[in-house]
Amino acid sequence: MNIEQIVLDLLSGNIVVLLLAGLVIILIFKGIKIVPQSEKYVVERLGRLKAVLGPGINFIVPFLDTVRHKISILERQLPSASQDAITADNVLVQVETSVFYRIIEPEKTVYRIRDVDAAIATTVAGIVRSGIGTMELDEVQSNRQQLISQIKTQVEDAVDDWGIQVTRAEILDVNLDEQTRQAMLQQLNAERARRAQVTEAEGTKRAVELNADAELYSAEQQAKARRISADAEAYATEVVAMAIKTHGIESAQYQVALKQVEALAIIGKGEGQQTIILPSSAIEAFGNAFNLLKGKV
């Protein structure tokens, strides 16, 4: 064996080793799949569904298994869509909606529906028209949250076979035509005017009631004052009567005369009074008081 033959044998062996090493590398590259956290891979074997790979390191059979679909599992938002609907009271409205969803079963999504966004948008449009058709305009305006819940529930039921989870549904706006807007504005102004009239009437009524209460209170207080005065006069009369009964009429006459004398004495003490003109009854009062005084003594 010559040297050339040895070299050829060595080169042939090295080429085989290199080929085997390359094949191993290719097999490893084909057999190991690293799936990102936000995705799932749909694997087919000879054209049929084999497995769904989750996030992390996964192993497949090289050349037999193929990653056919890479599906994002992040939440998605459908483009805002507007659709016309007619309420139960025959008012045409334009409803703008938006839906959020995420794919949770990629094997259903890729094999059961072709255009997911279009399918969901069509489903939402039909549900919105159906839901608004059972409600009057006032209910659509005031019970928007109820309509949103209804849309979300029905969409979830409709897309369940597609491996989709509806996370949120929103009604962004409810628009009316100009004629309906003007009619509602007139109705709103009329309602405001009615409320203002009611408020004014209630204020007038309350003022009348308060005035009547004030007059009633004043009358009650006056009546109470008269009753107290009457009670005082009755008490004084009773005291006088008791004194007369106990001490006789002379005692009462004495007290009256004494009071008259005291009153005249006060008049006489006034400043600058040098001359006092007394009526004849006053002179008699002095006499009566003097006589009674002597009688007492």
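The values are calculated or read from the model by the stated rules, or taken from the named source; none is laboratory data. Remember, predicted model here, so these are calculated numbers, not experimental data. Methodologically, a virtual Cβ is constructed for each residue, glycine included, from the backbone with ideal geometry; neighbour enumeration extends over all protein chains shown.
Filter segment 130-157 for residues that are of a type in the set (A, V, I, L, M, F, W, C) and either surrounded by 18 or more Cβ atoms within 10 Å (Cβ to Cβ) or in contact with a His (Cβ under 7 Å, 6 or more places away or on another chain) (or both) and give the result. Outline the logic, then answer.
Within segment 130-157, the subset of a type in the set (A, V, I, L, M, F, W, C) is 132, 135, 137, 140, 147-148, 151, 155.
Ile132, Met135, Leu137, Val140, Leu147, Ile151, Val155, listed by residue number.
One line per residue, one yes/no per condition, for (1) modelled with pLDDT of 85 or more; (2) within 22 Å of the chain's Cα centre (by Cα); (3) of a type outside the set (Gly, Ala, Ser):
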| position | (1), (2), (3) |
| --- | --- |
| Ala125 | yes, no, no |
| Arg129 | yes, no, yes |
| Gln141 | no, yes, yes |
| Glu156 | yes, no, yes |
| Thr167 | yes, no, yes |
| Ala193 | no, no, no |
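Conditions (1) under 30 Å from Leu53 (Cβ atoms); (2) part of a helix (DSSP H, G or I), marked per residue:
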residue: Gly126; (1), (2): no, yes
residue: Asp161; (1), (2): yes, yes
residue: Thr167; (1), (2): yes, no
residue: Gln179; (1), (2): no, yes
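Considering segment 32-49 alone, what residues qualify as being of a type outside the set (Lys, Arg) and either farther than 29 Å from Ile164 by Cα or in a strand (DSSP E or B) (or both)? Working first, answer last.
First, the residues of segment 32-49 that are of a type outside the set (Lys, Arg): 32, 34-39, 41-44, 46-47, 49.
Selection gives Ile32, Ile34, Val35, Glu39, Tyr41, Val42, Val43, Glu44, Leu49.
Just one of the numbered conditions (1) under 25 Å from Val174 (Cβ atoms); (2) not assigned by TED's automatic domain parsing to the domain that holds Ile164 is not true of Asp89; which one?
Every condition holds for Asp89 apart from (2).
On the given criteria, is Val174 crowded, with 16+ Cβ neighbours inside 10 Å and of a type in the set (A, V, I, L, M, F, W, C)?
Working: crowded, with 16+ Cβ neighbours inside 10 Å: yes; of a type in the set (A, V, I, L, M, F, W, C): yes.
For Val174, the condition - crowded, with 16+ Cβ neighbours inside 10 Å and of a type in the set (A, V, I, L, M, F, W, C) - is met.
Can you pull out the residues in segment 50-93 that are exposed (fewer than 14 other Cβ atoms within 10 Å of the Cβ) and outside any strand (DSSP E or B)?
Gly54, Val61, Phe63, Leu64, Leu74, Glu75, Pro79, Ser80, Ala88, Asp89, Asn90
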